[in-house]
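The values are calculated or read from the model by the stated rules, or taken from the named source; none is laboratory data. Quick caveat, the model's predicted, so the values are computed rather than measured. Quick reminder, even Gly has a Cβ in these numbers, built from the backbone with ideal geometry, and neighbours come from all protein chains shown. The area values use the complete protein model at the heavy-atom level, side chains included, leaving out ligands, DNA and RNA. Shrake-Rupley method; radii C 1.70, N 1.55, O 1.52, S 1.80 Å.
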Amino acid sequence: MKKFIAVILAVLMVTAALPMSLTAFAADEAYEQSGAGVSLADTAESEPVTTEPATTEPATTQPSTTEPATTEPAPVVYTPERVTNFKADNVKDKSLRLSWSKSKYATKYIIYRSVENNKGKTTAFKEYKSFDASVLKIPEYDLIPGRIYKYRIVAVREGKGYVKKSTASSTFALTRPAEIKKVKLSDRTETSVKVKWTKVQLATNYLVFRAAENGKFKLIKTFKGVRDAFTDTKLTNGTVYKYKVVAKRTRAGVSRVNGGTVAQTITKISAPDDFSVKSATSGSVSLDWDKVARASQYQLYRKSGGSSFSLVKALKSTEYTDKNVSPSTDYTYAVRALRKYGGKTYFSPFKYVEAATASSAISGIQSKSALGHAILTWGGVSGASGYEVRVQKKDGSYKALATVASPSFISSKLTPGQTYKFEVCSFRVVGGSRVYGNSRKTKVTINATAYGNKPSGTWVEVCTEAQTLIMYVNNKFYLSTPVVTGNYGALATTPGYHHVMSKQSPSQLKGSYGGSSWDVTVNYWLGFTGDGQGIHDSTWRGAYGGEIYKGDGSHGCVNTPLDKMAQIYAKGYVGMPVIVF
């Protein structure tokens, strides 16, 4: 019995000598393995320990054998996981959106922000906003356009007496540049436009787009951010162009552009080319000009003399005949193109042309034949520079035969017995060109004799209606000259088949008629009537031909220029035929 008690005491002494922590760890391990508290007594034989251990060593003195089964374990504090999928999207000029994925163990999130200043430098990160763990995205408003925004997000777990933070996740965004305030289009020409815009802070580039006549915008130029204007060339006149200027900023490998600012203009319309007078008569002026691209219509103006321009007509065609004109009048015409677009009217410069209407058509045309000649006379036209006489050809068309200043004409020798058709037209000379009036036509059959006679050799013909003298020598034309015959009426030169009765150089001419008298010396004299009519020079006259004889004619003589009279006198002889028509 004594021996048994000694064994028990030895065991108790060894147990008491073990460290407290080791005892507790063994007890915790047994607890975790079994799921319930287990004492060392449960592993011994049952007989000796049912009563005696309690009396020899109270159990309360060994707390390590029982505490692990009855005390709560200390809580485990986990650090939140790092935030994933942190990004900025829906980036605009003044707003964006931040979003991220949920972090395990986080109770909230803290966002830090760094903002770029107007010199392109970013500030230090500062705590910006914090959110409950249920928030996984936030909008950002009131941002500055064209700036870099950097963000960091940290997941946080907070509890009583502790704060745990995750490693930070980062993202950044570049907001769109601000819109360009104004695009100005100026210095328009027919083929160019100057484009100018207001600069945008921190813009690295400007992109210029162009659209013509409601077409699509196409990129035409890219400039660095220091540029704010350029001149667009090789455009088409009278064309609507739209320009859109876009600001762009590139930073940290990211580029953003704004929506662009648009301005519209129209290039100047070209003035019509080849503006000219097609024809002008006494009662009309026909004009035409080249078509101008994109012109809606044309405006034709006119003025004459010292008057101001007045609108003739607005028209869509490129030709017009002005019939509201007066004969023998000088006009200046002006034409311009215009285009209506967007409620506005755009005009081209004017083009000008000078025009002149012809004198009125001749009147009272008459024709007759005398000794192989056609003699034409007509009523003179006020303002006419002269008259063009034409003769009909075999094909029926007319060709110019002669130009005369007075309203009469005597042809050269024509074929006797043949009928000729003539056309006479008045004209005015304007700017070196002739402007013709309406013509008149007549016809005449050529006679072979004059007053029943047919001269031969050398003779002189005088046509009072044409105020012309013609001389033939040896049956060939020798000369022709304008003359002034007897004053129209009672003093008219006597028509008929005459002969030279006297030839004298010089000669004294004396006479009187109707209360007037004369006493003059002439250089050459060829008398051909018994009452004193003859051919002589008249140095007192400054002009011959035309209608001088109607009011300022001679007393019946044929007044002739001195140089021509010298030639006539040299070939003339007494008895030479002088035929007056």
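Annotations
- Every condition in (1) touching a Ser or Thr at 6+ places or on another chain (Cβ under 9 Å); (2) touching a residue at least 60 places away in the same chain (Cβ under 8 Å); (3) under 30 Å from residue 410 (Cβ atoms) is met by residue 336 except one, and the failing one is (3).
- Among the residues of the stretch 507-554, the ones that are of a type in the set (S, T, N, Q), assigned to a loop (DSSP other than H, G, I, E, B) and open to solvent by 50 Å² or more (accessible area, probe 1.4 Å) come to 2 in all.
- Residues in the stretch 303-316 that are touching a Ser or Thr at 6+ places or on another chain (Cβ under 9 Å) and open to solvent by 50 Å² or more (accessible area, probe 1.4 Å): 303, 305, 309, 316.
- Filtered by the rule that a residue be over 17 Å from the mean Cα position of the chain (by Cα) and open to solvent by 30 Å² or more (accessible area, probe 1.4 Å), the stretch 182-191 gives 182, 184.
- Residue match in the stretch 448-463 (condition: among the charged types (D, E, K, R) and without any contact (Cβ under 8 Å) to a residue 40 or more places away in the chain): no
- The stretch 233-251, residues that are open to solvent by less than 10 Å² (accessible area, probe 1.4 Å), within 30 Å of residue 293 (Cα to Cα) and part of a strand (DSSP E or B): 240, 243, 245
- Total residues in the stretch 255-268, condition open to solvent by less than 40 Å² (accessible area, probe 1.4 Å) and of a type in the set (A, V, I, L, M, F, W, C): 2
- Odd one out for residue 422 among (1) at pLDDT 85 or above; (2) of a type outside the set (Asp, Glu); (3) open to solvent by 60 Å² or more (accessible area, probe 1.4 Å); (4) closer than 28 Å to residue 548 by Cβ: (3)
- The stretch 328-351, subset touching a Leu at 6+ places or on another chain (Cβ under 7 Å) and β-branched (Val, Ile, Thr), residue most open to solvent (accessible area, probe 1.4 Å): 345
- Taking the stretch 433-458 as the range and being under 21 Å from residue 472 (Cβ atoms) and either modelled with pLDDT under 90 or touching a Leu at 6+ places or on another chain (Cβ under 9 Å) (or both) as the test, the residues that pass are 444, 446, 447, 448, 449, 450, 451, 452, 453, 454, 455.
- Tally of residues being hydrophobic (A, V, I, L, M, F, W, C), open to solvent by less than 40 Å² (accessible area, probe 1.4 Å), part of a loop (DSSP other than H, G, I, E, B) and under 16 Å from residue 157 (Cα atoms) across the stretch 79-138: 3
- Residue satisfying all of: in the stretch 192-219; among the polar types (S, T, N, Q) and modelled with pLDDT of 95 or more; least open to solvent (accessible area, probe 1.4 Å) among these: 192
- In the stretch 466-490, the residue that is nearest to residue 380 (Cα to Cα) out of those that are touching a strand residue (DSSP E or B) at 6+ places or on another chain (Cβ under 8 Å) and surrounded by fewer than 18 Cβ atoms within 10 Å (Cβ to Cβ) is 480.
- Qualifying residue in the stretch 386-397 (condition: within 49 Å of the chain's Cα centre (by Cα), acidic (Asp, Glu) and closer than 30 Å to residue 270 by Cα): no
- Residue within the stretch 389-398 that is of a type outside the set (Lys, Arg), touching a Pro at 6+ places or on another chain (Cβ under 9 Å), buried (at least 17 other Cβ atoms within 10 Å of the Cβ) and assigned to a strand (DSSP E or B) present: no
- Residues of the stretch 139-166 classified as free of Cβ contacts under 8 Å to residues at least 24 places away in the same chain and assigned to a loop (DSSP other than H, G, I, E, B), total: 2
- Which listed residue is open to solvent by 20 Å² or more (accessible area, probe 1.4 Å) and under 24 Å from residue 305 (Cβ atoms), from 382, 363: 382
- Every residue from the stretch 303-315 that is over 16 Å from residue 350 (Cα atoms) and not in a strand (DSSP E or B): 305, 306, 307
- Scanning the stretch 557-575 for residues that are surrounded by 21 or more Cβ atoms within 10 Å (Cβ to Cβ) and closer than 20 Å to residue 497 by Cβ yields 557, 558, 560, 568, 572.
- Every test in (1) part of a strand (DSSP E or B); (2) open to solvent by 50 Å² or more (accessible area, probe 1.4 Å) is passed by residue 291 save one, and that test is (1).
- If you go through the stretch 317-331 and pick out every residue that is touching a Ser or Thr at 6+ places or on another chain (Cβ under 6 Å), in a loop (DSSP other than H, G, I, E, B) and of a type outside the set (D, E, K, R), you end up with 4.
- Top-ranked residue in the stretch 269-280 [being open to solvent by 40 Å² or more (accessible area, probe 1.4 Å) and touching a residue at least 24 places away in the same chain (Cβ under 8 Å); ranked as nearest to the chain's Cα centre (by Cα)]: 273
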